[in-house]
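Okay, structure first, notes after.
Read-outs throughout are calculated quantities, based only on the coordinates presented, and are distinct from any laboratory measurement. Only a predicted model underlies this, so the values are computations on that prediction, with no experimental measurement involved. Positions of Cβ are backbone-derived with ideal geometry, glycine not excepted, and every protein chain shown enters the neighbour counts.
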Amino acid sequence: MTITMSCEEYNRMQEFAKQFVAKKGGTRPILEYIKLTITGNTAKAEALDGYKGGYIMLNLNDSEGDGEILLPVTSKLKRSDIFVAITDMGKEIEIRTVTGASIYRKPEGEFFDTSKIYPEDEPAEVFGFDPVLLSDALKAFKDEKAVIIEYRGALKPLIIKSGTALALVMPVRLSQ
């Protein structure tokens, strides 16, 4: 199976998945990979590490059918690469661009069945935050084992605190 996508989509996938894949050398090497589920000209790129998980939907330029491919986390492509062709060659995966190609050994084993890990019921409440501001506030607590997050309402600040520090992040209004 071969799929093609723009280098922008590939880079978007890699940047997103890096936040969720397991660190190299862990007890479950399969979690060091991104699972691509291809349906038509759309792909769902999913990564998880046992504590957090996420997926991003991607537009493909072309695909040779539906299926799954496990991809390694790689460095970003250059704009001059224009597009990327990803080919499942059995025991290996080839990632080819205009400027070159790399071949990676496929991991052994099956990726986890994630069909039931994302809640499907209606949320009790929905509220919005700027992801950069929320991330910046959480990074201030990077040396803590855990933080307490206090939520008081959709239009009130979110409080993040530990035993020695406190931060707040203002919400953003969502158009509904």
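A few notes on this one:
- Taken over segment 53-75, residues that are in contact with a Ser or Thr (Cβ under 9 Å, 6 or more places away or on another chain), in a loop (DSSP other than H, G, I, E, B) and within 18 Å of residue 39 (Cα to Cα) amount to 4.
- Answer residue from segment 32-59, given it is of a type in the set (A, V, I, L, M, F, W, C), buried (at least 20 other Cβ atoms within 10 Å of the Cβ) and in contact with a strand residue (DSSP E or B) (Cβ under 6 Å, 6 or more places away or on another chain) and is farthest from residue 95 (Cα to Cα) among those: 47
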